[in-house]
Amino acid sequence: MANKKDVRILLLGDPGVGKTSLILSLVSEEFPEEVPAKAEEITIPADVTPERVPTHIVDYTSQEENEECMNEEILKECRLMSYAFVYSVFDEDTIERITTHWLPYLQKTLGGEHRTPVILVGNKTDLLDFSTMESMMPIMNDFAEVETCVECSAKTLKNISEMFYYAQKAVLHPTAPVYNPEEKE
Ligand code: GTP
């Protein structure tokens, strides 16, 4: 079980963006051809994480779970929590839903001024030969809780360990101000 000294990373995002595949690719270092609806919660022991902190990675499946379960996960008591919002770089709708659904949803659940770090994860870069990073930059300006954005591919394993490291780093060394006096529009 996570305690307050552990890092907890919760992967959220639209159906089919590859949340479960990302976790399984990290664990087994190969792309899973068969993907279960949800990966078991995994714990990475402190000595194999760059920051030497036990890290729990939690999958969320849009298939089985309802909003109540999701809120429970989101609100789980853990001091060192970060959210990885996954989208598919190949599916514009999932990119749009980061700002129209997921970030507002988190603000609604945690409170508008929450500063629990979020990283944005663009998966499936193997399907695209250009980067969508530029279109994510305005989101980082508009939502102070967004620490960083990373593109990766569960299929080719590109940036997989980096992605989890960024999520861990976001919570241990956040760069966003704890208190942002500027009102957002
Ligand atoms: P839900 O459980 O429905 O929320 O989906 P999920 O976000 O966990 O996605 P899942 O890992 O089940 O992957 C959905 C589909 O995308 C599967 O067919 C995967 O094989 C495929 N997929 C996942 N990651 C990648 C990737 O990096 N590249 C490609 N080409 N396909 C991927």
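The values are calculated or read from the model by the stated rules, or taken from the named source; none is laboratory data. Since the model is a prediction, treat every value here as computed from it, not as a measurement. Cβ: placed from backbone, ideal geometry, glycine included. Neighbour counts: every protein chain shown.
A few remarks follow.
- Of the residues making up region 102-117, those that are within 16 Å of the ligand (Cβ to nearest atom) and free of Cβ contacts under 8 Å to residues at least 60 places away in the same chain number 1.
- Filter result for T94 (more than 22 Å from P117 (Cβ to Cβ) and under 14 Å from the mean Cα position of the chain (by Cα)): no
- Qualifying residue in region 28-39 (condition: closer than 14 Å to F164 by Cβ and in a loop (DSSP other than H, G, I, E, B)): yes
- Residue in region 118-135 that is modelled with the highest pLDDT, counting only those that are within 14 Å of the ligand (Cβ to nearest atom) and exposed (fewer than 14 other Cβ atoms within 10 Å of the Cβ): L127
- With respect to the conditions (1) of a type in the set (G, A, S); (2) loosely packed, with under 15 Cβ neighbours inside 10 Å; (3) in contact with a helix residue (DSSP H, G or I) (Cβ under 7 Å, 6 or more places away or on another chain), S88 lacks only one, and its number is (2).
Here is a yes/no grid of residues against (1) under 14 Å from S88 (Cα atoms); (2) in contact with a helix residue (DSSP H, G or I) (Cβ under 8 Å, 6 or more places away or on another chain):
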position	(1), (2)
H101	no, no
P117	no, yes
L120	yes, yes
N123	yes, yes
M137	no, no
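- Output for region 118-136, where each listed residue is assigned to a helix (DSSP H, G or I) and either under 13 Å from V17 (Cβ atoms) or without any contact (Cβ under 8 Å) to a residue 12 or more places away in the chain (or both): T125, L127, E134
- Within region 1-39, restricting attention to residues that are charged (D, E, K, R) and within 13 Å of the ligand (Cβ to nearest atom), the residue that is surrounded by the most Cβ atoms within 10 Å (Cβ to Cβ) is K19.
- When residues of region 40-63 are limited to those that are modelled with pLDDT under 90 and near the ligand (Cβ under 8 Å from one of its atoms), the one surrounded by the most Cβ atoms within 10 Å (Cβ to Cβ): Y60
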